[in-house]
Amino acid sequence: MGQDGFAALAPQLTDDPTAPLITAAPDAFGALLPGRSVRMLRAGERGLILLDGAQRLYAPDLAARGRVIATFDQVMFTRPDGTIDRGGIELVRGVVIRR
């Protein structure tokens, strides 16, 4: 079993702790980052946008426009069917858009 992606990534989200984190997994990151505003990934949301395995699974029609703050490739996301998503992760400061 590999490293839990949420737990590994959460401490690294330090670009701007006052900006909301926009993610397709707000419950997971809300628990891991209790002092930070965490919002659901939706078109038009602005802040630090996390594009990861949860986004690819639950919101594949959404992307981000803005500046890439960081990329991560050493975490994984376990899909509900038990398969593993090892795709890249990007943290973008900007706005959520529809593809």
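Here, each number is a calculation from the coordinates, and none is a lab measurement. All values derive from a computational prediction rather than experimental measurement. A quick note on method: Cβ atoms are made from the backbone with ideal geometry, for glycine too, and the neighbour counts reach across all protein chains shown.
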Calculate, in nm to one decimal, what Arg36 and Arg79 gain on full extension: separation in residues at 0.36 nm each, minus their alpha carbon distance. 13.0 nm
Here, Asp27 and Glu90, labelled 7 Å along Cα→Cβ, have an inter-label distance in nm of 2.8 nm
If amide hydrogens are placed 1.01 Å from N in the peptide plane, which non-local residues have theirs closer than 5 Å to the one on Ile49? Ile22, Val92, Arg93, Gly94
Whole-Hz ³J(HN,Hα) from phi, Karplus 6.51 cos²θ - 1.76 cosθ + 1.60, for segment 31-42, glycine and proline x: 6, 7, 10, x, x, 10, 6, 10, 10, 6, 5, 8
Provide the per-residue ³J(HN,Hα) series for segment 85-91, in order, calculated from phi with Karplus coefficients 6.51, -1.76, 1.60 and θ = phi - 60°, each as a whole number of Hz, with x at glycine and proline positions. 9, 10, x, x, 10, 10, 10
List the residues whose amide H sits under 5 Å from the amide H of Val38, counting only those 5 or more places along or on another chain, with H placed 1.01 Å from N in the peptide plane. Leu21
